Amino acid sequence: MTPFRLYDSMRRAKCAFEPLVPGKVGMYVCGPTTYAPAHIGHAYSAIAFDTVRRSLTFLGWDVTYVRNVTDIDDKIIKRAHETNQDPLAMSAHFAAEYNRDMARFNVMTPSIEPKVTTHIREVIAIVERLIANGHAYAVDGDVYYEVRKFPPYGKLSGQTIDELEDGARVEVDTRKKDPIDFALWKRAKPGEPSWDSPWGKGRPGWHIECSAMTVTHLGATFDIHAGGKDLIFPHHENEIAQSQGADGEGTFARYWLHNGFLNFAGEKMSKSLGNVFNCDQIAEAVGGEALRFFCVSHHYRSPVDFDVQVIDGAPRFFSLEAADRSLSGFYTTLQRIDQFVGDNTAGEGAVLPEAEKLVPDAKQALAEDFNAPEVVAAMHAAGKLANKLLDEGKGIDKQVRRRTLARLGKDLRAVGGAIGVLTQDPATYLRERRERLVKAKQIDVAAVEHKLGERKAARAEKNFTRADEIRRELAAMGVELLDTPAGTDWRIADAD
RNA sequence: GGUGCCAUCGCCAAGUGGUAAGGCAACGGUCUGCAAAACCGUCAUUCCCCAGUUCAAAUCUGGGUGGCACCUCCA
């Protein structure tokens, strides 16, 4: 396997990864709280770490990827009551939808996807340990973590307990020893889902599930913990306090990965600004893979500005349309390669040396803090070489040319797979893309085909005046004609 | 108030000490009945500003300016 470096949020530096177990990576990612349909922000984060996972696999590591589902918490209960649903049934429904949505962006199913409600026993066990060793205290059926008993608190977010106290909003909960203490276990209110515990009926607090799930599925100490930047405080800080409070210094995550956020015209996404877009909308507008390609064209740690404008009540995802255009270029090249190579890959043997660079270049880029944009650049170089070979075979041995193109097709797919793109059949992707655009631009396909027939006849008679007239007519409709030796194809000109 | 992040070509975007990847757009060319696609070529002596460290800085340090995030639920 290829060694790699990663930026660790705790050390605040890029460093070489050293596995706990040779050849293996144990990785935990904070998953969704399932109380509403997944939106583009969820997708962005899921894609970022799915790319890390795929990269590691591509580099030859054996990855155990754990992503939890928080299926019981305040927000779920609130939403369920508002909509008159059973909280657990509702969260199960959204959890299933989440996975269906993420699949559209080529996000792989986690190796393990633990749910809080199936880990209540593990949660209780860790809370009991924290009480036993003096890090937590129970009050009237609630259990709180005593932050002052954990001096390293604040290390990840770069703050001290005192600084945090100064900035904290006043919480009117006199039962807590300190305002900064947080709930590990919450006593059930009437009508809430609850489980039996040594402190009475109740449910886990917000942060404890991650501590319970990591120790259960990856052990007290594991390699990588990942999540959105917003989770650094308080979520991850609290996880560290809980887990190290229970299992001792030096346990828990060995490396921390945090991804940057998606911004909209410099603004954070929020419901009040009307810029929350659900995965459905994205997939319908540009297809799931366009978002994937957009994501991997940026480094996962960078904040990314997302260009979307609501025009006549309908969102136009300009950034994603550009990504889709770029993606269609790769698929077009792949399709050309497939058509050229067919079943005859010319077997084993030498290929042009330029064609051998893609995989090593991609590995080098991914091994340096998962630099996916650099991989995309390498893919562009390979695509260019392929197109050149397809256009012109002069001076190259026929078998070498064929083998080289077969190799480029294979490697483009392999490298694309390492970042979660180019996973579809080119013909399928291109057909669906055209259908999408036809629908969006309300193109009358029958009329286009009719004009095409008319133009074919005109060209056969060498009536180029008429042929060009038809080209212009179709162009006015937004249809671009592509004359090839095999006939005339058409596509939607989607650049505005 | 505290903490952290960001500023690279018209646009998007890599690059954490060794002399500015890549994409889009633009312009010239090859090809084409015309066009598109594809390919070839051109396109940042310079990285928000000012000082400093260094043989060497977009990269490090100090000071500005501008933007963002977290400290409350948030991907």
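The values are calculated or read from the model by the stated rules, or taken from the named source; none is laboratory data. Remember, it's a predicted structure, so these values are computed and weren't measured experimentally. Cβ atoms come from the backbone with ideal geometry, glycine included; neighbour counts cover every protein chain shown. Keep in mind that these areas ignore ligands, DNA and RNA; they rest on the heavy atoms of the full protein, side chains included. Shrake-Rupley method; radii C 1.70, N 1.55, O 1.52, S 1.80 Å.
Just checking, does the range A:191-206 include any residue being touching a helix residue (DSSP H, G or I) at 6+ places or on another chain (Cβ under 6 Å), more than 27 Å from A:A89 (Cβ to Cβ) and more than 15 Å from RNA strand B (Cβ to nearest atom)?
no
Go through A:T404, A:T428 for me and flag whichever is open to solvent by less than 60 Å² (accessible area, probe 1.4 Å) and farther than 27 Å from A:A323 by Cβ.
From the options A:T404, A:T428, the qualifying one is A:T404.
Answer yes if at least one residue in the range A:305-313 is at pLDDT below 90 and open to solvent by less than 50 Å² (accessible area, probe 1.4 Å), and no otherwise.
yes
Please count how many residues of the range A:210-236 are charged (D, E, K, R) and either surrounded by fewer than 20 Cβ atoms within 10 Å (Cβ to Cβ) or modelled with pLDDT under 95 (or both).
2
Quick one: in the range A:267-303, which of the residues that are at pLDDT below 80 and in a loop (DSSP other than H, G, I, E, B) is surrounded by the most Cβ atoms within 10 Å (Cβ to Cβ)?
Filtering the range A:267-303 for residues that are at pLDDT below 80 and in a loop (DSSP other than H, G, I, E, B), the one surrounded by the most Cβ atoms within 10 Å (Cβ to Cβ) comes out as A:N275.
Limited to the range A:382-399, what total is found for residues that are open to solvent by less than 30 Å² (accessible area, probe 1.4 Å) and either modelled with pLDDT of 95 or more or near RNA strand B (Cβ under 9 Å from one of its atoms) (or both)?
Here the count works out to 6.
Residues to consider are A:F294, A:F277, A:F318, A:F306; find the one that is within 13 Å of RNA strand B (Cβ to nearest atom), over 26 Å from A:S9 (Cβ atoms) and within 18 Å of the chain's Cα centre (by Cα).
Result of the check over A:F294, A:F277, A:F318, A:F306: A:F277.
How many residues are in contact (Cβ under 8 Å) with a residue 24 or more places away in the chain and under 16 Å from A:A493 (Cβ atoms) if we restrict to the range A:448-479?
6
Would you mention how many residues in the range A:104-137 are touching a residue at least 12 places away in the same chain (Cβ under 8 Å), open to solvent by 60 Å² or more (accessible area, probe 1.4 Å) and among the aliphatic types (A, V, I, L, M)?
1
If we keep just the residues of the range A:7-18 that are more than 8 Å from RNA strand B (Cβ to nearest atom) and within 27 Å of A:I208 (Cβ to Cβ), which is least open to solvent (accessible area, probe 1.4 Å)?
A:D8
Count, please, the residues in the range A:163-186 that happen to be touching a Gly at 6+ places or on another chain (Cβ under 9 Å), modelled with pLDDT under 95 and more than 15 Å from RNA strand B (Cβ to nearest atom).
Matching residues across the range A:163-186 total 0.
Do you know which residues across the range A:82-101 are open to solvent by less than 50 Å² (accessible area, probe 1.4 Å) and among the aliphatic types (A, V, I, L, M)?
Result: A:M90, A:A95.
So is A:G141 surrounded by fewer than 16 Cβ atoms within 10 Å (Cβ to Cβ), assigned by TED's automatic domain parsing to the domain that holds A:P198 and modelled with pLDDT of 90 or more or not?
The answer is yes for A:G141.
For the range A:1-47, give me each residue that is in a strand (DSSP E or B) and hydrophobic (A, V, I, L, M, F, W, C).
Correct list: A:L6, A:A13, A:C15, A:A16, A:V25, A:M27, A:V29.
Is it the case that the range A:48-70 has a residue that's open to solvent by 10 Å² or more (accessible area, probe 1.4 Å), near RNA strand B (Cβ under 8 Å from one of its atoms) and either under 30 Å from A:Y153 (Cα atoms) or not in a loop (DSSP other than H, G, I, E, B) (or both)?
No, there is no match, as no residue in the range A:48-70 is open to solvent by 10 Å² or more (accessible area, probe 1.4 Å), near RNA strand B (Cβ under 8 Å from one of its atoms) and either under 30 Å from A:Y153 (Cα atoms) or not in a loop (DSSP other than H, G, I, E, B) (or both).
Can you find a residue in the range A:463-471 that is surrounded by 13 or more Cβ atoms within 10 Å (Cβ to Cβ), closer than 23 Å to A:Q335 by Cα and out of contact with any strand residue (DSSP E or B) (no Cβ under 8 Å at 6 or more places or on another chain)?
Scanning the range A:463-471, I find no residue that is surrounded by 13 or more Cβ atoms within 10 Å (Cβ to Cβ), closer than 23 Å to A:Q335 by Cα and out of contact with any strand residue (DSSP E or B) (no Cβ under 8 Å at 6 or more places or on another chain), so the answer is no.
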